[in-house]
1. Just wondering, is there one or more residues in the stretch 111-124 that are near the ligand (Cβ under 10 Å from one of its atoms), over 18 Å from GLN165 (Cα atoms) and either outside the structural domain of LEU163 (by TED's automatic domain parsing) or touching a Leu at 6+ places or on another chain (Cβ under 8 Å) (or both)?
2. Just to verify a result, which residue in the stretch 147-168, among those that are open to solvent by 30 Å² or more (accessible area, probe 1.4 Å) and in contact with a strand residue (DSSP E or B) (Cβ under 7 Å, 6 or more places away or on another chain), is farthest from GLN226 (Cα to Cα)?
3. Of the residues in the stretch 21-54, how many are more than 16 Å from the ligand (Cβ to nearest atom) and either charged (D, E, K, R) or not assigned by TED's automatic domain parsing to the domain that holds VAL420 (or both)?
4. From the list LEU456, LEU437, LEU446, LEU395, pick out the single residue that is crowded, with 19+ Cβ neighbours inside 10 Å and either at pLDDT below 95 or more than 16 Å from the ligand (Cβ to nearest atom) (or both).
5. For LYS235, all conditions in the list (1) of a type outside the set (Phe, Trp, Tyr); (2) closer than 29 Å to GLU323 by Cα; (3) assigned to a helix (DSSP H, G or I) hold save one; what is the number of the exception?
6. Within the set of pairs 6 or more residues apart or between chains, which connect a residue that is of a type in the set (S, T, N, Q) inside the stretch 268-281 to a residue that is open to solvent by 40 Å² or more (accessible area, probe 1.4 Å) with Cβ atoms less than 7 Å apart?
7. Under the condition of being part of a helix (DSSP H, G or I) and among the hydroxyl-bearing types (Ser, Thr, Tyr), which residue from the stretch 183-215 is farthest from the chain's Cα centre (by Cα)?
8. In the stretch 283-298, is there at least one residue being open to solvent by 50 Å² or more (accessible area, probe 1.4 Å), part of a helix (DSSP H, G or I), closer than 26 Å to ARG233 by Cα and out of contact with any strand residue (DSSP E or B) (no Cβ under 6 Å at 6 or more places or on another chain)?
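The values are calculated or read from the model by the stated rules, or taken from the named source; none is laboratory data. This one's a predicted model, so the numbers in the text were calculated from it and none came from an experiment. Note that we place each Cβ from the backbone using ideal geometry, even for glycine, and neighbour counts take in every protein chain shown. Ligands, DNA and RNA are excluded from the accessible area calculation, which covers all protein heavy atoms including side chains. Shrake-Rupley method; radii C 1.70, N 1.55, O 1.52, S 1.80 Å.
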Amino acid sequence: MHTIIEPFKIKSVEPIYFTTREERIRILEEASYNPFLIKARDVIIDLLTDSGTSAMSSDQWAGIMKGDESYAGSSSFFRFEAEVRKITGMKWVIPTHQGRAAEKILFSITGGKGKYVLSNTLFDTTRANIEFSGADGIDLICEEGKQASLIAPFKGNINVAALNQFIADKGASSIVMVMITVTNNSGGGQPVSMENIRATRAVCDQYEIPLFIDACRFAENCFFIQQREIGYRDKPIIDIARELFSYADGCTMSAKKDAFANIGGFLALQNDQLAMECRNLLIITEGFPTYGGLAGRDLEAIAIGLEEVMQEDYLKYRIRSIEYIGEKLDSVGVPYLKPTGGHAVYLDAKAFLPHIPPHQYPGQALCAALYIEGGIRGVEIGSLMFGKYSPEGQLIPHQMELVRLAVPRRVYTQSHIDYVAEVIIEVFRKRESIRGLKIVYETPYLRHFTAKFKSLA
Ligand code: F0G
């Protein structure tokens, strides 16, 4: 079999600026050991996020020129609306400036004190918007999803028995909705099976609870269904996507992921009453319903990107490029969350740095080491992002200590990826010399963005 090559040619390039190890030690210290505080120019390979970092295609750039900037009734909106409807089958398509704006509108209306949103795993902005409304977000990930080194096809699934139990305990009237994140970003980019979504729908039907999809990475999830679930091998991605959304009452989406756009998102709904309330709030917070915080040109880029992301050559290359990093890491036994997911490799910092306890943030320490060794920027997904404090001020650690290396779409070539694997392996060889970190500044919400650290070296 031949190498699976990038299914595109490069028309426009952007320089990478190189730094020396000594410069990076200084830069990291100045950034208080927080990758979010490093200037992008000082990063060699930026794997902080796959969000808004995609390379757009020549067709998308051409679409940008065609964008209709009319305040109301823009033709770009109708193109966007038709594309979202084609994939999701949703009646109401509400553009927003990014995913969290859709979440904010949805949960401002449906959330509130004493209510619950149940999920496989909520992304941090989704959880923050739910909690900001006064409601509680509850993660009910399946058992396989809790074990980093276990190989299973659908580790993003929700635990259907736990879902049933939770609803029975709390009463259906307090459950605002079930929201399934595909793929499960905070749980390792792991996919959710169609069978699991169907089973969740059955529970929702029994209790008359709406089912929503957090659809940021729907195409990657559909590709995994096609490859791994019985009965889907010969189905085109669009058909799998249509089936997936057919079980839902609505979805939120950040177009910064599986739509190759640098900004944008949407909320799509079936229910007329809810859509009317959301559109009214949209006008106050985002804009008129035919642009919702976006320029007409952005709507064009999203519509075209949504078509491109479902192309099988692209998805095959995309998923393979992530799997390829995993294989390189396996060759020397670097611990990571298995199998590799859709958009990122998640290093298992707990197993990588067993000598660093959770309160010294092993994930953040590993991020620092990757930056110093090779100028690679990743993000901690562990006790810094999700840890809580007990009333006595003790850290309650997160169950996993991960470092996410998210791969921007269509941006890096195979030699960039080879370099990333080499740097990780080098850091792994030196792992015993890596020291923990101490927090010296933090905020009460989403502290990982701005926290400052000191090295315990
Ligand atoms: N839901 C999921 C599953 C996400 O991964 C994100 C963003 C959002 C919602 C919010 O979308 O950024 O457009 O407001 N994830 C980015 C990341 C930030 O790096 O994973 P947004």
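1. Scanning the stretch 111-124, I find at least one residue that is near the ligand (Cβ under 10 Å from one of its atoms), over 18 Å from GLN165 (Cα atoms) and either outside the structural domain of LEU163 (by TED's automatic domain parsing) or touching a Leu at 6+ places or on another chain (Cβ under 8 Å) (or both), so the answer is yes.
2. Per the stated criteria, the residue is PHE166.
3. Total meeting the criteria: 10.
4. Working: LEU456 fails: crowded, with 19+ Cβ neighbours inside 10 Å; LEU446 fails: crowded, with 19+ Cβ neighbours inside 10 Å; LEU395 fails: crowded, with 19+ Cβ neighbours inside 10 Å.
When all the criteria are applied, what remains is LEU437.
5. (3)
6. GLN270/LYS91; GLN270/ASP249; ASN271/ASP249
7. Restricting to residues being part of a helix (DSSP H, G or I) and among the hydroxyl-bearing types (Ser, Thr, Tyr), the top hit is TYR207.
8. No, the stretch 283-298 contains no residue that is open to solvent by 50 Å² or more (accessible area, probe 1.4 Å), part of a helix (DSSP H, G or I), closer than 26 Å to ARG233 by Cα and out of contact with any strand residue (DSSP E or B) (no Cβ under 6 Å at 6 or more places or on another chain).
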